[in-house]
Amino acid sequence: MARPASYLLTFLHLLICFSCATKPSPVPEISGGTNGGGDTRVYTDGIGRQVTLPKHPLRIVSLAPSVTEVISLVGADERLIGVTTHCDWPESVRTKPKLGDLINPNYELLLTAKPDLVIASTAGNDRTAVLKLADLGLPVFVTAPRSVDKILETVTQIGRITDCAAQGDALASRMKARLDDIERRLAGLAPLRAFFITWFDPLLAPGKETFENDVLRLAGVASISADIDQFYPRYSLEQVLARDPDVIITVNHESAPLPDLSRLAGWQKLRAVREKRIYILNEVFQHPSPRFVDGVEELARKLHPERFQ
Amino acid sequence: MNRLSRTRIIGTSLSLLALWILAALVSINVGSVRIPLLTSLRLVKSRLLGEALDGSPLAVILFSVRLPRIFLASLVGAALAAAGAAFQSLLRNPLADPYVLGVSTGASMGTIVYSIFAASLGFTAGASFLYARPAAAFLGAALTVAAVYAVGGGSMRAGEGSQRLLLAGIVLASFISSINVFLLTSTNQADLRGIFYWLIGDLSRPVDASILVVTIVVLAGFAVLYLFSHSLNLIAMGETSALILGVEVARVKAGVYLVASLMTGAVVSVGGPIAYIGLICPHLARMLFGSDNRILLPAVFVFGAIFTLLADTLARSLFSPTELPVGVITALCGAPLFIYLLHRRGGKV
Amino acid sequence: MTRCRGEIILEAQGLEFSYANPVIRDFSLTLPAGMVTGMIGPNGSGKTTALRLLDGILRPAAGTVIFTGAGPLLHLRRREIARRIAMVPQNGTVYFDQTVFHFAMQGRSPHLSLLGFESELDEEVTLRALEMTQLTRYMDAPVSTLSGGEKQRLLLARALAQESEVLLVDELTANLDISFQIELMRLIARITRERNLATLVVSHEINLLATFADNVALMEAGIILAQGTVAEVVNRANLKHLFGLDFTVRMLSDGKPEVLPVIN
């Protein structure tokens, strides 16, 4: 029985090495007080829950990159004590401790960190995981940035609960102002018909209630997949061919760049491909955070450069 | 006496081919975009006569998307069904399917590895995208086949049965499966979606020139399998009996194993490991045409094409414009069908 | 090829074979045409292995098996061997059920071409084989419905359909009623004579072999102890050596011995 035993030993050895290799990052001690001031308020969060939160939270955890971005933009990032592995903007948050990723928050790290405010987002977080955190006694505020209006609402909400209400409101107004400006510049133009590729393989497109279709509208674009009830339905190439969009728009994914459509059977026959009207946008376009405005502007400029002189 | 004759085989094959043409006509018509039959016939006629097409969406859909997909579905189904029938005879096991010796798990590993490393290895836009993924899948399949042969191939020596080969296939398949799961845990969520659809079996990818290679492999493979059909009949009676009756068992086993695995690997690399076709179609065909491989193999080849074509047609038109992967349909239909078969045969196969 | 009765058709010379341990050592045997040779030996003496060596299914580590007129078996392809030598194995399995007729017709396989189909002649030969083994009435029944004894007869029918020159039979009589045992041995003896076959029958039934066989070979521990006519070989001394038991051997009126173990 020598051989199976040695395999088992090797396997155990590897297992031990593996678990040692993944060390959690240490949670820093923030000087200056524990849970903020004893002064609390009750808020209604984005999914209708009533949450009791401190008026001035000092230990804030973000469970989604879009939330992290808003927290930074309203100026509450010094009180941010934990982010996700996907949070990478702005530069300063990259050094913050990572407490899990979008779908799997690390319960142990979160509980040890003793936050007084945890902000989650329906755009990306797993609902069950987040509610479990609430059950474990953590103060969780869920935002629901499912449309452009909701994003603006989320920005003001986050501003309020982090006690930076003025900055939050100001940020929301600036965003609105930029969007209004774009709308003015595009006034009078007929909307372009576009096929937005959420993911190429398998072919996924944004459906009716998605954020993408909302944002596309702001850039003067009518999405041909906006009539489907599902969120991100699998779309068929035949439908794209039948609906003959003017342009094709997608977001740049580093791990899966869009292949050269002019060489693919069927795709190469699309008018939009033949006319080379394929636009690849920066991924901020899909962020349900204030940065999407940059995305809208980028798209609007690319589609109608003459209106942005 | 009902001895098998060339006439009967040709007659059966032609009837099935006619059925296939019928299925193809239905499939042309149906889909997220309906193409009326007369229109499609007219378009095909124009194309055959060399006339320039008007570039209408229907023409593009028909020739660039739908017809290639019909061909792909038929090819994949035919190959899997024939390989399944061959494996069932070879291994003398009614539960054998083309994946039982690890081909699909190996192909999956190839695809998963490709998905993870493609971007970092610089497979960006261009021709490499089209060929790289199927090539990676096929490589994974080929390596697994070689590994299973190395571990269990000692039983290729005649008279020893195929248990060792089968065991080697099962063990290696589950080992590679666990590697796959481990690899999957390290991919990011977006890539997972693509891999998931591939793993379930999906024929919606654009058909490109690589289909020519697959076609040649499948047709040549089928021809070789047909040459072995009588030997497979005898091997199904037991390897000793087959030897006594003049079959070079070791050679036939190695040949069938290799060819059937190649065929399977080729179609799995373009369509993913679609379930149940290689398991169900041989049994259905056997119920209709008997177990003599000389008629069963050609019959199941066309039968598999029809079965898969219809399943894929359903998959892409049930919830149009959204599409289901064909593997979902074959599983949903295949499982109850299999249970019904078992029940009807009284548990015998 | 017409053979003379008594002409040696198959000859094994000095065969040796091992699985993990040596099973066959210096095994030599001759099979003459038109005669039934019986092979007796205790369990574990290697009888089945010997049969497989004689059919070329196993390769000997040393020694050779020669088919008169065709050369050593090692130089022949399996089809060529199958046309010349037929074997009735101890048991046969059928994986996908088929009719008795089709099972028996598989015996014609060595005579078909690669892509060939069976002809009327093949059907006739098969029917005759089924008649001889009294299986005609089961012709269209699935093989799985046959009893153990009937399956054995079917294996014999298949071997007969092969129309070979050598017939090797492994423990045919194991599952049969005594009347069928006698019937089949009589059949085998008759066919051997009619077709001038060189037949080898392995059996435990000493009396049956003594009655129907022309020659007998005694096998022990992988080697042939003695081979010769029944009268020469079947005697008390040999049997005692082989089975470790006392036997009485009585010569009957027709010149065949009757063998009975002495039980105290």
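The values are calculated or read from the model by the stated rules, or taken from the named source; none is laboratory data. All values derive from a computational prediction rather than experimental measurement. Glycine gets a Cβ as well: all are built from the backbone with ideal geometry, and neighbour counts include every protein chain shown.
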Verdict on C:Glu150 being out of contact with any helix residue (DSSP H, G or I) (no Cβ under 8 Å at 6 or more places or on another chain) and of a type in the set (D, E, K, R): no
Residue selected from segment B:223-237 under the condition closer than 12 Å to B:Arg92 by Cβ and touching a residue at least 60 places away in the same chain (Cβ under 8 Å), by the criterion farthest from the other protein chains (Cβ to nearest Cβ): B:Leu232
Top-ranked residue in segment B:48-69 [being more than 10 Å from chain A (Cβ to nearest Cβ) and assigned to a helix (DSSP H, G or I); ranked as modelled with the lowest pLDDT]: B:Leu48
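Quick grid of which residues meet (1) in a helix (DSSP H, G or I); (2) at pLDDT 90 or above; (3) of a type in the set (S, T, N, Q); (4) closer than 21 Å to B:Phe182 by Cα:
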| site | (1), (2), (3), (4) |
| --- | --- |
| B:Phe71 | yes, yes, no, no |
| B:Leu95 | no, no, no, no |
| B:Thr105 | yes, yes, yes, yes |
| B:Ala135 | yes, no, no, no |
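Is it fair to say B:Val300 is within 14 Å of another protein chain (Cβ to nearest Cβ) and not in a helix (DSSP H, G or I)?
no
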Some residue of segment A:255-272 being away from chain B (no Cβ under 11 Å) and either under 23 Å from A:Thr143 (Cβ atoms) or crowded, with 20+ Cβ neighbours inside 10 Å (or both): yes
Per-region count, segment A:240-254, residues facing chain B (nearest Cβ under 7 Å) and either of a type in the set (Phe, Trp, Tyr) or touching a residue at least 12 places away in the same chain (Cβ under 8 Å) (or both): 3
Any hit, segment C:34-55, residues being assigned to a loop (DSSP other than H, G, I, E, B), surrounded by 21 or more Cβ atoms within 10 Å (Cβ to Cβ) and within 14 Å of chain B (Cβ to nearest Cβ): yes
Output for segment A:138-177, where each listed residue is at pLDDT below 90, of a type in the set (D, E, K, R) and surrounded by fewer than 19 Cβ atoms within 10 Å (Cβ to Cβ): A:Asp149
Residues that are within 27 Å of the chain's Cα centre (by Cα) and not hydrophobic (A, V, I, L, M, F, W, C), drawn from segment B:1-33: B:Arg6, B:Arg8, B:Gly11, B:Thr12, B:Ser13, B:Ser15, B:Ser27, B:Asn29, B:Gly31, B:Ser32
Tally, over segment B:1-47, of residues that are under 21 Å from B:Phe301 (Cα atoms) and modelled with pLDDT under 85: 2
Single residue of segment B:201-216 satisfying the filter (at pLDDT 85 or above and surrounded by fewer than 21 Cβ atoms within 10 Å (Cβ to Cβ)) that is farthest from the other protein chains (Cβ to nearest Cβ): B:Ile216
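Kindly indicate the residue of segment B:278-297 that is away from every other protein chain (no Cβ under 13 Å) and surrounded by fewer than 20 Cβ atoms within 10 Å (Cβ to Cβ) and also farthest from B:Pro336 (Cα to Cα) among those meeting that condition.
It comes out as B:Leu288.
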Selection within segment B:216-245 - within 18 Å of C:Arg83 (Cβ to Cβ) and of a type in the set (Asp, Glu): none
Residue that is in contact (Cβ under 8 Å) with a residue 12 or more places away in the chain, of a type outside the set (D, E, K, R), surrounded by fewer than 19 Cβ atoms within 10 Å (Cβ to Cβ) and closer than 25 Å to C:Arg108 by Cβ, where the choices are C:Leu260, C:Leu225, C:Leu168, C:Leu187: C:Leu187
In segment A:198-211, residue farthest from the other protein chains (Cβ to nearest Cβ) [restricted to those that are surrounded by fewer than 22 Cβ atoms within 10 Å (Cβ to Cβ) and outside any loop (DSSP other than H, G, I, E, B)]: A:Phe211
Selection within segment A:225-254 - of a type in the set (Gly, Ala, Ser) and either closer than 18 Å to A:Val215 by Cβ or crowded, with 21+ Cβ neighbours inside 10 Å (or both): A:Ser225, A:Ala226, A:Ser236
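Tell me yes or no: at least one residue of segment B:33-41 is at negative phi, in a helix (DSSP H, G or I) and surrounded by 19 or more Cβ atoms within 10 Å (Cβ to Cβ).
Yes: one or more hits.
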Residue in segment A:63-79 that is touching a strand residue (DSSP E or B) at 6+ places or on another chain (Cβ under 7 Å), part of a strand (DSSP E or B) and not hydroxyl-bearing (Ser, Thr, Tyr) present: no
Conditions (1) in a helix (DSSP H, G or I); (2) closer than 30 Å to A:Ala170 by Cα: number failed by A:Pro288: (1)
Criterion: modelled with pLDDT of 90 or more, surrounded by fewer than 19 Cβ atoms within 10 Å (Cβ to Cβ), away from chain C (no Cβ under 14 Å) and out of contact with any Leu (no Cβ under 7 Å at 6 or more places or on another chain) - qualifying residue of B:Ala220, B:Ala254: B:Ala220
Restricting segment B:174-198 to residues that are within 23 Å of B:Pro325 (Cα to Cα) and touching a helix residue (DSSP H, G or I) at 6+ places or on another chain (Cβ under 6 Å), the residue that is surrounded by the most Cβ atoms within 10 Å (Cβ to Cβ): B:Trp198
Pair list, Cβ < 8 Å and 6+ apart or interchain, from segment C:74-96 residues that are touching a residue at least 24 places away in the same chain (Cβ under 8 Å) to residues that are of a type in the set (S, T, N, Q) and surrounded by fewer than 19 Cβ atoms within 10 Å (Cβ to Cβ): C:Gln90/C:Thr48; C:Val94/C:Ser144
Tally of residues being of a type in the set (A, V, I, L, M, F, W, C) and free of Cβ contacts under 8 Å to residues at least 12 places away in the same chain across segment C:1-33: 1
Spans of helices (runs of 4 or more DSSP H) in segment C:61-147 with at least 2 residues over 23 Å from the mean Cα position of the chain (by Cα), more than 9 Å from every other protein chain (Cβ to nearest Cβ) and within 24 Å of B:Ser291 (Cα to Cα): C:120-132
Some residue of segment B:321-332 being touching a Lys or Arg at 6+ places or on another chain (Cβ under 7 Å) and in a helix (DSSP H, G or I): no
Verdict on A:Glu254 being part of a helix (DSSP H, G or I) and of a type in the set (Asp, Glu): no
Within segment B:316-332, considering residues that are within 12 Å of B:Ile274 (Cβ to Cβ) and touching a residue at least 40 places away in the same chain (Cβ under 8 Å), the one surrounded by the fewest Cβ atoms within 10 Å (Cβ to Cβ): B:Ala331
